[in-house]
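Report on the following structure.
The values are calculated or read from the model by the stated rules, or taken from the named source; none is laboratory data. Keep in mind the model is a prediction, meaning the values are calculated, not measured. Every residue, glycine among them, receives a Cβ derived from its backbone with ideal geometry; neighbour counts consider all protein chains shown. Ligands, DNA and RNA are excluded from the accessible area calculation, which covers all protein heavy atoms including side chains. Shrake-Rupley method; radii C 1.70, N 1.55, O 1.52, S 1.80 Å.
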Amino acid sequence: MVAARSAASGAGFAIDASERAHCLRHKVALIVAPGKRPVHSSRQARPGIEDRHDENPLMRRLGLHLFLRTSVVFSAVLATLTLIVWVTQALRRFDLVTAKGQAIATYLGMTLLAVPFLVSVVAPFSLVIAMVVVLNSMHAGSELVAINAAGASQRQVAAPFIVLSLIVAVLVAWIGLFAGPQSLQALRDQTNRIRADVVANVVQPGRFVEIDENFTFHIRNRAGDGSLEDLFIYDARDPEFVFTYTAERGRVVNAVEKTLVVMETGTIERTRRDDGSSTYVAFGSYAFDLTELKAAGDKERPYQPNERTITELYGTPLDDPYRKEREDRFRAEIHTRLTAPLYPVAMALTTFLFLGFPTTTRSGRTAALAGGIVVSALIRVVGFALAGLAAADEMWLPVVWGVPILFILASAVSLWLGVQPFVPRFLAEPLERLSDFIRRSADRMINASGPS
């Protein structure tokens, strides 16, 4: 009798466990397809046989759901951050419209050329923010606990985030290696053309117009035939000399795809920066090249290392005079471009380690949120700093590669072993108290502003 009762209770326990497993599977199904009720069938009476065949499709649907969910948030955050940074950069060039008289279309076209570079910078941070939003939302709804209880491993949950980080890495690589430098080249060419057009069409009599940094142009009057009277040009861009040009008359000439200011009856003053000694030269006619905004006799300025694609960087001969003078910058630029795609993966893995493990809703979440955001951001900030150090000293090049690779390997091993990083208690407790204080203050403000 007792044996029969114990056997019945054991069977009841097995049925309860089976029912709990079904409930967890149904909750995961609702997470994947909200609004759709789970379909009960006769097959669910035998979970040990048929349901095992349904777990892999369910996990695949769950992975697709997490991937699409995070991708949507990532796209929104990326667009928002890029727009904010673009506006701040565009305002710095607003003098093209105000002081230099360019059309709004030209102004917008030039500022939009900087967008690819901005996207490559903010994309890893946008990925971190998107993961924080999605994982924190899943924690608040106990979705991570349900998914874990349904039998999904942490590696399965992390897979869609890793796939998205690889896509972001490809985007960053494409922009850094090709699209970004090409847009910077177009921006520089357009800027040079506008600067030349400023003198030809926009310079107003009686105003000192700073066309470029340390380059000022002035005329007293513009004659009816378009010629310029009483010209003054101040060119202090050379590190060794300062050039001052004056002329009684001048005119703008376009010849051989160049824009020239042909000055008549004037002087050139060349002043040394170190000792202040000056040399004067009087001329009857003198042509100043505005195409590249350089003093006559200077060599044409080639594209800088950050304005060259990866193939152009590798294709520049080692005996090229420009590269010889900047070999450290060329070398650092190549390695920085090649390591940039590693950072989205490192930052995504680090964020998941802090936020991707299931915890109860009663456990503090503020410390994990702060740890994931701060550590992930520090990884990229350190990468930027190392790029600058490598440009000055090649001994930092191994560290440029070592930092992202080290974080990727350490995060991958921790994820494989199921080891979650923790925030020390002396930091976690103040963060939790601060979070509670902010939450209570916000609740009081909402209640105070509500209807009486």
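Values as computed for the structure displayed
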{"item": "Only one of Leu342, Leu338, Leu349 that is modelled with pLDDT of 95 or more and surrounded by fewer than 19 Cβ atoms within 10 Å (Cβ to Cβ)", "result": "Leu338"}
{"item": "Within the stretch 388-404, considering residues that are within 15 Å of Arg326 (Cβ to Cβ) and in a helix (DSSP H, G or I), the one most open to solvent (accessible area, probe 1.4 Å)", "result": "Glu394"}
{"item": "Of residues in the stretch 95-112 being open to solvent by 50 Å² or more (accessible area, probe 1.4 Å) and at pLDDT 70 or above, the one nearest to Pro181 (Cα to Cα)", "result": "Leu112"}
{"item": "Among residues of the stretch 223-236, those that are modelled with pLDDT of 85 or more and over 13 Å from Phe208 (Cβ atoms), counted", "result": "4"}
{"item": "Search result, residues across the stretch 322-335 that are in a helix (DSSP H, G or I), open to solvent by 40 Å² or more (accessible area, probe 1.4 Å) and either charged (D, E, K, R) or without any contact (Cβ under 8 Å) to a residue 12 or more places away in the chain (or both)", "result": "Lys324, Glu325, Glu327, Asp328, Arg329, Arg331, Glu333"}
{"item": "So Arg444, is it at pLDDT 70 or above and farther than 30 Å from Arg331 by Cβ", "result": "yes"}
{"item": "Search result, residues across the stretch 248-271 that are closer than 15 Å to Gly284 by Cα and in contact (Cβ under 8 Å) with a residue 60 or more places away in the chain", "result": "Val261"}
{"item": "Test: Ile175 is open to solvent by 20 Å² or more (accessible area, probe 1.4 Å) and of a type in the set (A, V, I, L, M, F, W, C)", "result": "no"}
{"item": "Residue pairs meeting the criteria (Cβ under 9 Å; at least 6 apart or on separate chains; first over 14 Å from Gly176 (Cα atoms) and open to solvent by 70 Å² or more (accessible area, probe 1.4 Å), in the stretch 299-321; second of a type in the set (Gly, Ala, Ser) and part of a loop (DSSP other than H, G, I, E, B))", "result": "none"}
{"item": "Residue within the stretch 126-149 that is part of a helix (DSSP H, G or I), within 27 Å of Thr311 (Cβ to Cβ) and open to solvent by 10 Å² or more (accessible area, probe 1.4 Å) present", "result": "no"}
{"item": "One residue from Val399, Val375, Val382 being more than 18 Å from the chain's Cα centre (by Cα) and among the aliphatic types (A, V, I, L, M)", "result": "Val399"}
